[in-house]
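These notes are about the structure you will find just below.
The values are calculated or read from the model by the stated rules, or taken from the named source; none is laboratory data. Fair warning: this is a prediction, and the values are worked out from it, not measured in the lab. With ideal geometry, Cβ positions are generated from the backbone for all residues, glycine too; neighbour counts draw on all protein chains shown.
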Amino acid sequence: TLVIHDIKNSLAMLEADLEQLNHHPHMPEEARKAYQRCSELKGRLITFLTLYKHEQFGLKPNLAEVDLLEFLQDTLDVSPSASGKHGHALALEVDESRIRIAPGLKHGGSAQLDEYLTGMAIESALNNAVRYAAGSVRVWFEQDADTVTFFVQDDGPGLHHPSGNAPSTGVGLALCKAVVEAHGGGDVSLTDAPDGGGLFR
């Protein structure tokens with residue numbers, strides 16, 4: 001694992017260098033693609049490390065009270081998935097009209113969670129969604145007395161279309177399940193959304 005951590009740190013330094021180029025007004029398209037691929041590779045490596053830690057020792061979440069709407073917006077603001085497939089920008093947005101909070105909750109709209117781990121899980125779902133989205137991906141949450149459920153929906157063809165968005169590997173799904181288990185358990189699923197597209201929850 002020391003070797004893997006060394007590779008991760010080297011990728012982070014390379015990513016930082018490429019990010020500087022990314023802000024240059026005349027940066028060639030090849031450099032932009034290299035930056036995106038480097039970010040994706042670093043993300044995959046961190047995912048593998050997290051899953052290894054989960055399998056060997058179990059994930060121990062660092063819980064804190066988090067404003068859920070603010071957390072989702074912050075996650076989207078820094079998401080590398082915003083560049084979309086083939087470098088075309090996608091609209092990533094929090095769909096506040098779909099947020100549901102059970103009445104009478106003492107701390108409705110906030111919850112105890114590990115921001116880092118939960119952010120990784122949502123980014124994994126976003127990364128899958130943008131592969132198939134036509135132009136937008138929406139996220140929201142529902143909260144009751146005992147649970148918070150996050151949703152990620154794309155406007156792509158859905159799972160049962162020939163070009164549908166079944167995950168390319170089980171790694172992202174495994175990461176989400178590991179994070180859910182670390183927070184006490186729950187269900188993770190990828191289905192067709194009633195109004196079209198894929199729905200990750």
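Report the residue count in segment 39-68 for those that are acidic (Asp, Glu) and either in contact with a strand residue (DSSP E or B) (Cβ under 9 Å, 6 or more places away or on another chain) or part of a strand (DSSP E or B) (or both).
Matching residues across segment 39-68 total 2.
Go through segment 101-113 and give me each residue that's within 24 Å of Asp154 (Cβ to Cβ) and surrounded by fewer than 13 Cβ atoms within 10 Å (Cβ to Cβ).
Result: no residue meets the conditions.
Only one residue in Gly156, Gly170, Gly184, Gly119 is among the small types (Gly, Ala, Ser) and in contact with a strand residue (DSSP E or B) (Cβ under 9 Å, 6 or more places away or on another chain). Which one?
After ruling out the rest, the residue left standing is Gly156.
Restricting to segment 119-146, count the residues that are among the hydroxyl-bearing types (Ser, Thr, Tyr) and within 8 Å of the chain's Cα centre (by Cα).
The number of residues fulfilling the criteria is 1.
Give the residue that is nearest to Arg201 (Cα to Cα), with candidates limited to residues of segment 119-139 that are assigned to a helix (DSSP H, G or I) and out of contact with any helix residue (DSSP H, G or I) (no Cβ under 6 Å at 6 or more places or on another chain).
Ala125
Please tell me if Asp95 is modelled with pLDDT of 90 or more, crowded, with 17+ Cβ neighbours inside 10 Å, over 21 Å from Arg37 (Cβ atoms) and of a type outside the set (A, V, I, L, M, F, W, C).
no
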